[in-house]
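Working notes for the structure below.
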Amino acid sequence: MSKTVVLGVSGGIAAYKALDLVSKLKKKDIDVHVIMTDSATKFVTPLSFQSLSQNQVIVDMFAEPKSWEIQHVSLADKADVFAVVPATANVIGKVANGIADDMLTTTIMATKAPVLFAPAMNVHMYENKIVQRNISFLKEMGYYFVDAVEGRLACGYNGKGKLNDINTILDYIEMLLCKKKDLKGKKVLITAGPTVEDIDPVRFISNRSSGKMGYAIARAARNRGAEVTLITGPTNLQPPVCVNVVPVKTAEQMYNAVMEHFKDVDIAIKAAAVADYRPETISNVKIKKNDEDLLIKLVKNKDILYDIGKLKTNQLLVGFAAETNDLLSNASIKLQNKNLDMIVANDVTMENAGFNYDTNTVKIIKGDGQVIQLPNMLKQELADIILNYIIELKIKR
């Protein structure tokens with residue numbers, strides 16, 4: 001069943017960015033209903049939002065209703081999440097003081113859905129003590145905020161007050177839309193992405209991992225209520241909101257970060273592609289080409305998964321195996337040798353699977369040897385399925 005987001009758009013220049021948010025929500029099969037303040041219509045027309053949302057846009061609280069429903073009540077009830085993007089100082093101030101004098105503020109007052117504000121305004125307005133008091137008060141009352149960020153503002157100033165990235169706002173909305181909280185109270189450690197081993201200041205050894213699978217699992221675990229720590233090698237991905245992100249570069253740095261956090265978690269999921277070897281020495285200047293062959297001596301990195309497999313007590317430990325041949329055999333050996341509870345194996349030579357794709361095709365192998373073949377699917381969908389099997393294992397313990 002499709003989820004419903006009611007989107008409030010208030011009167012700021014960033015109102016045009018809310019069009020992109022509506023488009024992205026619709027692409028995720030989310031039903032979107034837009035309420036605009038009168039001021040917002042001076043920046044973007046209701047027709048633009050109506051075209052993208054495919055729903056009537058509400059502006060005037062006293063307009064003749066299109067049905068028998070009382071609109072501010074029906075939309076308030078319909079919302080799974082209520083987001084105000086952008087949220088001006090005026091709207092924030094009204095809600096903080098219980099003022100409901102237009103359709104947007106009236107509907108916010110009537111909803112029991114989570115309400116998310118994404119502020120956007122002049123830096124001096126944002127820093128104003130009254131505005132900050134209103135924001136702090138609303139947070140205390142259980143309202144959610146995607147804080148403004150620093151940047152060049154439409155007024156010409158540089159400073160904090162710029163609307164946060166739309167993808168960040170979208171990520172926050174998706175988190176609030178998830179009602180399943182079966183990982184609430186659990187601490188989950190996830191590793192993602194490649195590691196990078198320098199040869200000299202210009203060159204390095206790495207692999208093709210994009211980090212997409214690990215990041216998807218981090219989002220899914222966070223959505224389901226877990227306290228998530230994501231240890232990530234260098235990627236081009238946007239970090240998930242409300243996740244403790246620990247950036248690392250080398251295999252040694254990832255090893256140290258995992259060892260630091262592993263003892264405190266309930267579940268560890270090792271989705272990173274860690275370099276098995278590193279150069280024995282790193283040149284502090286660029287190695288120049290000459291007529292000779294270049295030989296680089298490589299030394300073995302520590303095996304993170306093997307070491308935490310020996311250390312685990314009550315933790316549930318899940319590994320990944322990216323293979324090009326003998327998938328089940330190689331993954332099963334890794335499962336046993338590294339004392340894992342489950343391993344997710346995929347053949348990276350398959351079409352639309354493995355590195356850099358948004359989709360993956362995997363086999364899940366449990367500790368008892370049971371193999372579950374899954375079809376090709378989006379990595380975000382796969383992340384939830386992986387967590388389902390992890391929770392099943394956790395319950396059986």
Q. Which residues, counting only those in segment 139-175, are in contact with a Phe, Trp or Tyr (Cβ under 7 Å, 6 or more places away or on another chain) and of a type outside the set (Ser, Thr, Tyr)?
A. Lys139, Phe145, Val146, Ala148, Lys160, Gly161
Q. Just checking, which of Lys139, Lys129, Lys94 is surrounded by 17 or more Cβ atoms within 10 Å (Cβ to Cβ) and either free of Cβ contacts under 8 Å to residues at least 24 places away in the same chain or acidic (Asp, Glu) (or both)?
A. Lys94
Q: Return a yes/no flag: does segment 335-342 have any residue that is over 15 Å from Ala273 (Cα atoms), among the aliphatic types (A, V, I, L, M), in contact with a strand residue (DSSP E or B) (Cβ under 7 Å, 6 or more places away or on another chain) and not in a loop (DSSP other than H, G, I, E, B).
A: yes
Q | So Phe355, is it touching a residue at least 60 places away in the same chain (Cβ under 8 Å), assigned to a strand (DSSP E or B) and either under 25 Å from the mean Cα position of the chain (by Cα) or not assigned by TED's automatic domain parsing to the domain that holds Gly193 (or both) | A | no
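Does segment 1-43 hold any residues that are in a strand (DSSP E or B) and acidic (Asp, Glu), and which are they? It would help to see each step written out before you state the result.
Start the filter on segment 1-43 by keeping residues that are in a strand (DSSP E or B), which leaves 4-9, 31-36.
If the condition is that a residue be in a strand (DSSP E or B) and acidic (Asp, Glu), then Asp31 is the only one that fits.
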(Q) If I ask for residues that are surrounded by fewer than 16 Cβ atoms within 10 Å (Cβ to Cβ), among the small types (Gly, Ala, Ser) and touching a strand residue (DSSP E or B) at 6+ places or on another chain (Cβ under 7 Å), which ones from segment 353-397 would you list? (A) Gly367
Q. Got a sec? Which of Val131, Val115, Val149 is touching an Asp or Glu at 6+ places or on another chain (Cβ under 9 Å), in the same structural domain as Ser23 (by TED's automatic domain parsing) and of a type in the set (A, V, I, L, M, F, W, C)?
A. Val149
Q | Number of the condition not met by Asp20 [criteria: (1) over 27 Å from the mean Cα position of the chain (by Cα); (2) farther than 16 Å from Lys78 by Cα] | A | (1)
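So, Lys302, is that one farther than 17 Å from Lys249 by Cα, surrounded by fewer than 17 Cβ atoms within 10 Å (Cβ to Cβ) and of a type in the set (D, E, K, R) or not? Explain how you work it out, then say what you get.
Numbers: farther than 17 Å from Lys249 by Cα: no; surrounded by fewer than 17 Cβ atoms within 10 Å (Cβ to Cβ): yes; of a type in the set (D, E, K, R): yes.
So Lys302 fails the test.
Touching a residue at least 40 places away in the same chain (Cβ under 8 Å), of a type in the set (Val, Ile, Thr) and over 28 Å from Leu298 (Cβ atoms), is that true of Ile217? Explain how you work it out, then say what you get.
Numbers: touching a residue at least 40 places away in the same chain (Cβ under 8 Å): yes; of a type in the set (Val, Ile, Thr): yes; over 28 Å from Leu298 (Cβ atoms): yes.
Considered against the rule, which asks whether it is touching a residue at least 40 places away in the same chain (Cβ under 8 Å), of a type in the set (Val, Ile, Thr) and over 28 Å from Leu298 (Cβ atoms), Ile217 comes out as yes.
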Q: Tell me, please, whether a residue that is at pLDDT below 95 and either in contact with a Lys or Arg (Cβ under 7 Å, 6 or more places away or on another chain) or buried (at least 17 other Cβ atoms within 10 Å of the Cβ) (or both) can be found in segment 12-31.
A: yes
Q) Of all residues in segment 198-213, how many are surrounded by fewer than 20 Cβ atoms within 10 Å (Cβ to Cβ) and touching a residue at least 40 places away in the same chain (Cβ under 8 Å)? A) 10
Q) Looking at this structure, is Met254 crowded, with 23+ Cβ neighbours inside 10 Å, in contact with a Ser or Thr (Cβ under 9 Å, 6 or more places away or on another chain) and hydrophobic (A, V, I, L, M, F, W, C)? A) yes
Q. Here are some conditions: (1) farther than 17 Å from Ala271 by Cβ; (2) surrounded by fewer than 17 Cβ atoms within 10 Å (Cβ to Cβ). Ser332 meets all but one. Which one does it not meet?
A. (2)
Q. Given the conditions (1) at pLDDT 95 or above; (2) more than 16 Å from Ala87 (Cα to Cα); (3) not β-branched (Val, Ile, Thr), which single one is not true for Leu138?
A. (2)
Q) Where in segment 207-281 are there strands (runs of 3 or more DSSP E), lying fully within it, with 3 or more residues that are more than 12 Å from the chain's Cα centre (by Cα)? A) 227-232, 267-270, 277-279
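Would you confirm, using the coordinates I've provided, whether Asp347 is of a type outside the set (S, T, N, Q) and either at pLDDT 95 or above or closer than 15 Å to Leu305 by Cβ (or both)? Full working, then the answer.
Working: of a type outside the set (S, T, N, Q): yes; either at pLDDT 95 or above or closer than 15 Å to Leu305 by Cβ (or both): no.
Answer is no for this residue.
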Q: Output the residues belonging to segment 270-290 that are touching a Ser or Thr at 6+ places or on another chain (Cβ under 9 Å) and more than 16 Å from Asp307 (Cβ to Cβ).
A: Ala271, Ala273, Arg278
Q: List every residue pair whose Cβ atoms lie under 8 Å apart, where the two residues are 6 or more positions apart in sequence or sit on different chains, the first residue falls within segment 319-341 and is under 21 Å from Ser210 (Cβ atoms), and the second residue, located anywhere, is of a type in the set (Gly, Ala, Ser) and in a helix (DSSP H, G or I).
A: Ala321/Ala331; Glu323/Ala331
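The values are calculated or read from the model by the stated rules, or taken from the named source; none is laboratory data. Remember, it's a predicted structure, so these values are computed and weren't measured experimentally. Please note: Cβ atoms are built from the backbone with ideal geometry, for glycine as well, and neighbour counts cover all protein chains shown.
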